[in-house]
Amino acid sequence: MNRPPNRRILLIDDTPSIHEDFRKILTPTVEHSVELDEMEAALFGTTTKVQTQAFELDSAYGGQEGLQRLHTAMQQEQPYALAFVDMRMPQGWDGAQTIEELWKVAPDLQVVVCTAYSDYSWEDLLLRLQAHDRLLILKKPFDNIEVQQMANTLAAKWDMARRASLKTIHLEQLVEQRTQALTLAGQALQQEIDERKQLESQLVQSEKLASLGQLAAGVAHEINNPVGFISSNLGTLEGYVKQLQQMLDAYQQAEEALPSGECLDQLITLRKAMDLDFLKEDIPLLIRESKDGIGRVTQIVKDLKDFSRVDNNEKWQWANLQQGIDSTLNIVASELKYKADVIKHYQPLPEIECLASQINQVVMNLVINAAQAMGPERGTITISNGIEGDQVWLEVADNGCGIGADSLQKIFDPFFTTKPVGEGTGLGLSLSYGIVKKHHGDISVRSEPGKGTTFRVVLPIRQTDKPL
Ligand SMILES: Nc1ncnc2c1ncn2[C@@H]1O[C@H](COP(=O)(O)OP(=O)(O)O)[C@@H](O)[C@H]1O
Ligand SMILES: [Mg+2]
């Protein structure tokens with residue numbers, strides 16, 4: 001910004017002698033300058049000699065040539081501060097047109113119109129040029145000091161305007177920079193807020209799980225006992241009933257050998273009244289249904305126990321995730337058989353440090369959910385995995401019914417299920433969530449209703465902080 005002041009002047013006049021005069025006034029020899037300084041001191045009463053810098057004067061003898069010089073000067077980044085333009089130039093452009101053309105190229109050029117007489121009235125000229133703040137009028141014949149002072153003042157004015165505009169540009173750049181910094185800070189803040197919100201909701205989720213875990217552990221413990229003896233009693237009962245039936249069959253055969261009489265009549269009446277044949281058929285059925293029911297309760301209790309991890313004394317170990325997936329797929333093969341084809345996209349994976357059977361359980365939940373999401377048509381379940389930095393990822397994608405936006409927020413909640421009683425407990429995903437979090441991993445879901453769902457599990461390869 002601290003350039004030397006611009007002392008460059010362009011003179012456009014068709015009379016060569018005028019150029020000579022201007023040169024004498026504006027680019028004087030040393031004596032000349034001293035002489036002028038003395039004159040100036042006499043005129044303005046200044047005693048201290050002001051060292052005025054010399055001007056650099058370029059000459060043009062017509063409007064077009066002047067414009068050409070201006071172009072060249074601008075290209076060389078040596079702009080003129082001001083131009084003296086003769087008003088009356090019979091060949092080519094006149095002064096007014098020349099000035100118009102000059103300002104098209106350099107709007108900040110200060111201009112002095114030099115004239116003895118003009119083809120315009122001054123009003124017309126000022127109206128035409130519309131730039132009263134850049135235009136001075138110098139009438140011939142010139143007074144030397146007048147010319148010199150005009151040059152001095154206008155050059156200083158040009159410099160000041162240039163400096164002000166540079167400052168404005170600088171200020172605008174500063175504002176732009178600050179705005180950018182503010183925008184960035186705003187974005188960072190928003191990101192932090194989002195992250196916090198997410199952490200908060202994860203915390204809420206973990207706390208929900210923890211308290212439900214305790215509840216589930218208590219319930220599981222309480223139910224486990226009676227379920228245990230009901231189940232074992234049912235087994236014993238089934239055996240007894242079988243024996244009783246054999247006994248009854250024997251009695252029934254013995255019946256035939258009985259002589260007719262009151263005793264036989266009584267037996268036959270009683271047998272018919274209680275419909276013994278039906279009872280013989282129905283009792284084993286009832287027992288089987290009860291055993292199924294209690295089997296389901298046992299499964300739920302087991303899920304609850306897994307969920308609360310009361311029985312959990314599994315050790316951390318290095319395990320091959322793909323082997324785990326494959327063996328889990330074998331276990332659930334019968335569930336998948338009629339519902340979906342499984343496609344595998346495996347990439348070579350390192351072993352990961354994990355609680356292997358719990359990870360298998362996550363895979364099982366995801367795969368069974370995927371199978372259950374299929375409609376009447378056979379679907380596809382795609383299992384892929386890969387490695388990303390110091391983590392491995394696993395995706396289970398299906399082309400089933402998808403999950404609506406309402407449900408999507410709740411699927412990891414314990415006991416949230418959209419499945420009929422007996423088919424879903426609503427524990428699978430919350431259990432999986434807990435397991436993945438325990439591994440310091442992440443589980444997420446993308447779903448499009450009607451199109452399908454993809455669950456993604458990310459697990460660190462190595463556990464740095466293993467919970468017990
Ligand atoms: N792959 C899937 N496609 C569609 N819905 C799913 C899928 N996985 C989970 N869900 C939804 O999330 C709910 C909760 O799943 P989950 O916790 O495993 O419990 P459950 O399977 O016993 O219902 C399911 O009832 C179902 O609505
Ligand atoms: Mg499930």
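Asp159 meets all of the listed conditions (1) in contact with a Pro (Cβ under 7 Å, 6 or more places away or on another chain); (2) at pLDDT 95 or above; (3) not aliphatic (A, V, I, L, M) but one, namely (2). Could you list all residues from region 410-450 that are more than 8 Å from ligand 1 (Cβ to nearest atom) and over 30 Å from Gln463 (Cβ atoms)? Pro420, Val421, Gly422, Glu448, Pro449, Gly450, listed by residue number. Inside region 392-409, can you point out the residues that are near ligand 1 (Cβ under 8 Å from one of its atoms) and in a loop (DSSP other than H, G, I, E, B)? Answer for region 392-409, where residues must be near ligand 1 (Cβ under 8 Å from one of its atoms) and in a loop (DSSP other than H, G, I, E, B): Gly400, Cys401, Gly402, Ile403. Applying the condition of being outside any helix (DSSP H, G or I) and under 20 Å from Arg162 (Cβ atoms) to region 57-73 and asking which residue is least open to solvent (accessible area, probe 1.4 Å) yields Leu57. Among residues of region 90-106 that are under 18 Å from Leu136 (Cβ atoms), those with a beta-carbon under 7 Å from a residue that is of a type in the set (D, E, K, R) and assigned to a helix (DSSP H, G or I) at least six positions away or on a different chain give the pairs Ala96/Arg128. Of all residues assigned to region 442-449, at least one qualifies as being hydroxyl-bearing (Ser, Thr, Tyr), within 16 Å of ligand 2 (Cβ to nearest atom) and modelled with pLDDT of 95 or more.
One residue stands out in region 371-391 among those that are aliphatic (A, V, I, L, M) and not in a loop (DSSP other than H, G, I, E, B): the one that is farthest from ligand 2 (Cβ to nearest atom), namely Ile387. Scanning region 441-468 for residues that are over 21 Å from the mean Cα position of the chain (by Cα) and surrounded by fewer than 16 Cβ atoms within 10 Å (Cβ to Cβ) gives Pro449, Gly450, Lys451, Arg462, Thr464, Asp465, Lys466, Pro467, Leu468.
Considering every residue within region 378-399, establish whether at least one is in contact with a Ser or Thr (Cβ under 8 Å, 6 or more places away or on another chain) and over 22 Å from Gln323 (Cα atoms). Taking every residue of region 378-399 in turn, at least one turns out to be in contact with a Ser or Thr (Cβ under 8 Å, 6 or more places away or on another chain) and over 22 Å from Gln323 (Cα atoms).
The values are calculated or read from the model by the stated rules, or taken from the named source; none is laboratory data. Please read these numbers as outputs of a predicted model, since none were measured by experiment. FYI the Cβ positions are ideal-geometry reconstructions off the backbone, even for glycines, and counts take in every protein chain you see. The area values use the complete protein model at the heavy-atom level, side chains included, leaving out ligands, DNA and RNA. Shrake-Rupley method; radii C 1.70, N 1.55, O 1.52, S 1.80 Å.
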